[in-house]
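A short worksheet on the structure shown next.
Every number here is computed from the coordinates shown, using simple stated rules; none is lab data. Given the structure is predicted, the values throughout are model-derived calculations rather than measurements. Backbone-built Cβ (ideal geometry, glycine too); neighbour counts: all protein chains shown.
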Amino acid sequence: MSPLPAGPYFIGFDVGTGSARAALLSHNGELIAESVHETTTFRDPSDHHVFEQSLTGIWGAIVDSSQDVLRISGVNPAEVRGVGFDATCSLAVVDGEGNPVEVTKGETLGQVLPGLKVGEDRSLILWADHRAEKEANLINASGSKVLEYVGGTMSLEMEIPKTLWLKRHMKPELFARCNFFDLPDYLTFRATTSPARSSNSLVCKFSYIPPDAVTPPSPGWNPGFLTKIGLGDLVDRGLGALGGVTGETVSSTEHVGGGKYLGAGKEALVMTAGLPVGKGLSARAAKELGLVEGTAVGSGVIDAYAGWIGTAAALSTDADDPNPAETLKTMKHPTLADSGKRLAAVAGTSTCHIVQSPEGVFVDGVWGPYKNAIFPGWWMNEGGQSSTGQLIDFMIKTHPAYPELVEVSKKEGKNMFDVLGERLESMRVSRGEDTLTDLTRDLHLYPDLHGNRSPLADNRMRGMITGLALDSTLGDLALKFNVTLESIALQTRHILEEMNSKGHQIDSIYMSGGQVKNVRLMSLLSSVCRVPVILPPSSSAAVVSGSAMLGRYAYEVQRSRDSKEITTMEEVLSEGQQYKESLWEIMVEMTPAGKRVVPGAGEQEMRLLDVKYKIFRESIDVQRRWRKMVDEAYGERQ
């Protein structure tokens, strides 16, 4: 084994849709060890909208991953000085003791079930869960100012619609016992016992508007909005279920049903990314993770934002550069101001598109602008595609030739994407075509099988395909695969164009997530969007490295004040402003250089891709027009 780089070390924890990952990094960003453990998603066989997970199962996977990286690396736990968490934007529900509360519809909804084994509770409504459609429609009809900060339309994937669904379906006395967290905040609570919330989660997913984001200043939460949509009882009880009113003491009075709020009697805190939470790891969490009590814990972020942290400060060289190390020596490191032109695309099951700006930019159908989402005083916008990796898997696995693909993949010892790529290239040669795009010139896919997140913010959008043939061969599956990748790239262009038309100046895409390994998709993204695409050296580690950077930031801030715990919002705001440049410096130091993919399509292929983009945009108009015709038919019948 190679000798370990000098300490100190930092661990990032990333909870994705289907797994929890830990990565142990050196102080300069070198990846020393990595481990991943799967998590379980529960589905309802009678309701395709439902996606649920287990809080104890997620924490168990985090524990296993932590112990793995310590064992693999041989690092002394005392040399791990900070940890950070990121996770999907999913709704975690616990009682006043921190016990998981059941979120599954039926008799157990709202209960804390005794005697469950690790992983058996269903206490997390996953981001992909679409049960709260009616609640989202009600919210979007409210006309509230909070809608301006989510692109004009609140997604049913956000936490307030899901909380409202629980309110409408739980017994009142059980709902009154609940405490609600976005998953990253639950993880820092589970690690430290501090219920302090992160600005990232509250602003991005809980309809919280920072006091200094509007004129006149707001109290953070909008009591009138919450009351109007049906969550007035949370307001009446001081909003303790959501963490409390910023800077005020969380109510310690037990409320209806005998429930209580986590953090009762203490000042409600909202922290920007990476600020130290509580007193660091609790004795219980430290023992479970194999670390030392008091190890600094950074305020967490949603997984896509960790991807931004882990990639946005990267230098890059051309993919065919024969001597990248020498090229890098001549390059200047990016500044915080440079970040405004860099879009981070975190592409896994879904894809999120995140960009930062010094002023708020309002883009219809794009979430935000979110103030203080990462850096104090800065704003961020978030576009997204609800289904990308999931869409690719669906298109492949539902095709009649899928069993043949599996068989060929096993026989040749290649992954399925490589088999499909080789089949496409063989078809291109045999048909005398210049490019793979020529193969699918008459095949067009509109990709919103799971609704549109951005920039339409229309959950009723569905997939469309044109150009079908009576063909069920492996070759046809390869064509469907190719056109699926095209559709993802075309939709990314749609999101970028909308962002730039409203004031952003995006000139590059910084990738992370599993789709980075899809060479064809990366090439299409660059050509379709007409911008360079920067690939990280590790597709799996970019996001979790962002969390490790938060762990280092927490350690350095905590060390600067001799481990004194932050207990007031005045201290939070002061430290956030004082140290914010330090976070960018950490990002620059710890982010490895990437490889740059530039637009590679020739003139003719670019023209064809432009035509396909026009067809893509027309598909939206056609679908909406057809939907209106059908709705009118039902209206006439009524």
What net charge do the residues around V36 carry, taking every other residue with its C-beta under 10 Å from that of V36, with Lys and Arg at +1 and Asp and Glu at -1? -4
Which ³J(HN,Hα) values in Hz, rounded to whole numbers, follow from the phi angles of region 551-556 under the Karplus curve 6.51 cos²θ - 1.76 cosθ + 1.60, where θ = phi - 60° and Gly and Pro get x? x, 5, 4, 4, 4, 5
Taking a quarter of the surface of the convex hull around the Cα atoms of the chain, what do you get in nm²? 29.8
Return the ratio Rg/(2.2 N^0.38 Å) for region 92-139, where Rg is computed over Cα atoms only. 1.29
Output the Cα-based Rg and Dmax of region 459-562 in Å, rounding Rg to one decimal and Dmax to a whole number. 19.4, 71
Relative packing of 572-579, 506-513, which averages over residues the other C-beta atoms within 10 Å, highest first: 506-513, 572-579
Spacing of the two label points (7 Å from each Cα toward its C-beta) at E618 and R530, in nm: 2.0
Hey, with R₀ at 51 Å, roughly what FRET efficiency would V429 and Q578 work out to, going by the Cβ-Cβ distance, to 0.05? 0.25
Going 7 Å from the Cα of E79 along its beta-carbon direction, which residues of region 10-43 have the amide nitrogen within less than 11 Å of the resulting point? 10, 26-27
If the cut-off is 29 Å between C-alpha atoms, which lysines fall inside it for K397, apart from same-chain ones fewer than 8 positions away? K410, K411, K414, K480, K517, K612, K614
What longest range of the chain stays clear of loop-exposed trypsin sites (Lys or Arg not before Pro) (DSSP non-H/G/I/E/B, at most 11 other C-beta within 10 angstrom)? 333-563
Could you tell me what percent of the DSSP beta bridges with both partners in the chain are antiparallel, to the nearest 5? 65
What are the ³J(HN,Hα) couplings of region 596-608, residue after residue, when phi is run through the Karplus curve with 6.51, -1.76, 1.60 and θ = phi - 60°? Round to Hz, x for glycine and proline. 9, 9, 10, x, x, 6, x, 4, 5, 5, 4, 4, 5
Relative contact order of region 309-459, pairs being alpha-carbon contacts under 8 Å that are 6 or more residues apart, as %: 18
P(r) of region 526-613 over all Cα-Cα pairs, binned every 5 Å from zero, in whole percent: 3, 11, 15, 14, 11, 10, 9, 9, 7, 5, 4, 3, 0
Sorted from largest to smallest, which semi-axis lengths in Å does the alpha carbon gyration tensor of region 299-405 give for its equivalent ellipsoid, taking the root of 5 times each eigenvalue? 30, 24, 11
Checking the a/c ratio against 1.5 first, then a/b against b/c, what shape does the Cα gyration tensor give for region 258-334? prolate
Please work out how much length the chain gains when fully extended from S46 to K332, using 0.36 nm per residue of separation minus the C-alpha to C-alpha distance, in nm with one decimal. 97.4 nm
Once fully extended, how much extra length lies between R168 and S472, figured as 0.36 nm per residue of separation less the alpha-carbon to alpha-carbon distance? 104.8 nm
What are the GluC sites (Glu not before Pro) within region 147-226 that DSSP puts in a loop, where the Cβ has at most 10 other Cβ atoms within 10 Å? none
Could you tell me the calculated FRET efficiency between D610 and T215, based on Cβ-Cβ distance and R0 = 45 angstrom, to the nearest 0.05? 0.60
